[in-house]
Ligand SMILES: *Cc1c(COP(=O)(O)O)cnc(C)c1O
């Protein structure tokens, strides 16, 4: 058994900006599932590790950017469960000065310390990563492996994410989650009860997510995407967002990551402030983790001389 089934705790949020709105807001702390295999990545890897094992594969190959939560989680999961891991990382310039890059990039440093082997590829090669030519080249180079897609999303990942909600979450009317590839929200949608609705908050621009999610879900009228709060795109960040994340943490002691959960919570708080939900609504936001990304983001923010995430 890999990555045992667990239930995370639910924490009520008291935040000054929305205290008088008559809405109950809770956070489901999936970020606490495992110290290194963060939040939804734990859920998404679970049945993929099992499948790799069943197929008698000893190596996991996956893809990601240089600060990817999925890369960090896959390295940690492989380390813990005795799989060799190879990370195909976007950006061939990183290979030029690897020691220096690793020193300044907490994500790659962590992955490297957990024995992940890197293959740095150009941005154009990275775009073609799902072609059979590219995969064939990887097989030539690394031998047989189990392929985990970028962001970890496939049907087995969705199945793992169907375990996020449990009977203790039936009290909620609305379930919110940040969206990258759509795997996590798909699992959540599949496990909704009849009285519940899911709202996904994409962390990136683009209209393709609706169709991605439809590949994995049966019901199409119990969920929606709110595409307002991506803050100009994936991993883009503003001082307004940083201020929000810091204020949220100082009042609730819940840390948020700048790429996913920070944007989602900013969105939920903004919607509550604008009376989007009717009084008495009980909302739970899924904390999908991603906190490992704060250190790397802070190094980038320091270079730009703007406030950091505390
Ligand atoms: C990867 C990630 C997501 C996005 O999950 P998808 O299944 O790709 O939609 C959300 N939040 C955090 C913290 C993540 O690391």
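Every read-out reported here was derived from the displayed coordinates using simple, explicitly stated rules and does not represent laboratory data. The model shown is predicted, which means the values in this text are computed figures rather than measured ones. So basically every Cβ, Gly included, is an ideal-geometry build from the backbone, and we count neighbours across all protein chains shown.
Derived from the Cα gyration tensor, the three semi-axes of the equivalent ellipsoid of region 117-231 are 32, 17, 11 Å, largest first.
Quick one: 264, 1, 116, 297, fewest Cβ neighbours within 10 Å first, how do they rank?
1, 297, 116, 264
Inter-label distance, residue 127 to residue 82: 4.2 nm, where each label sits 7 Å from its Cα along the C-beta direction. Computed from the C-alpha gyration tensor, the three semi-axes of the ellipsoid equivalent to region 1-148 are 33, 20, 14 Å, from longest to shortest. Helix-only arithmetic for the chain: the sum of -39500 (n - 2.57) across DSSP H runs with n ≥ 4, divided by the residue total, places the mean residue ellipticity at 222 nm at -11500 deg cm²/dmol.
With the convex hull of the Cα atoms taken as the outline of the chain, the averaged projected area works out to 15.6 nm². Its relative contact order, with pairs defined as Cα atoms under 8 Å and 6+ residues apart, puts the chain at 23 percent. Stretching the chain fully between residue 99 and residue 6 yields a gain of 29.8 nm (0.36 nm per residue, less the alpha carbon separation). Radius of gyration over Kirkwood radius for region 212-310, both on Cα atoms: the Rg/Rh ratio is 1.01.
If you sort the three axes of the alpha carbon gyration tensor as a ≥ b ≥ c, you get a/c of 1.5 or more for region 195-250 and a/b no higher than b/c, which makes it oblate. By its C-alpha gyration tensor, with a ≥ b ≥ c as the square roots of the eigenvalues, how is region 125-167 shaped: rounded for a/c under 1.5, else prolate for a/b larger than b/c, else oblate? Prolate shape, in that a/c is at least 1.5 and a/b is the bigger ratio.
Taking the DSSP beta bridges with both ends in the chain, the antiparallel portion is around 10 percent.
Please work out whether region 49-133 counts as rounded, prolate or oblate from its C-alpha gyration tensor, where a ≥ b ≥ c are the square roots of the eigenvalues and a/c under 1.5 means rounded, while otherwise a/b larger than b/c means prolate and anything else oblate? Because a/c hits 1.5 or more and a/b fails to exceed b/c, region 49-133 counts as oblate.
For region 7-79, what is the relative contact order in percent, using Cα pairs closer than 8 Å and at least 6 residues apart in sequence?
Reported relative contact order: 26 percent.
Relative to the dominant Cα principal axis of the chain, helix 39-54 is inclined by about 40°.
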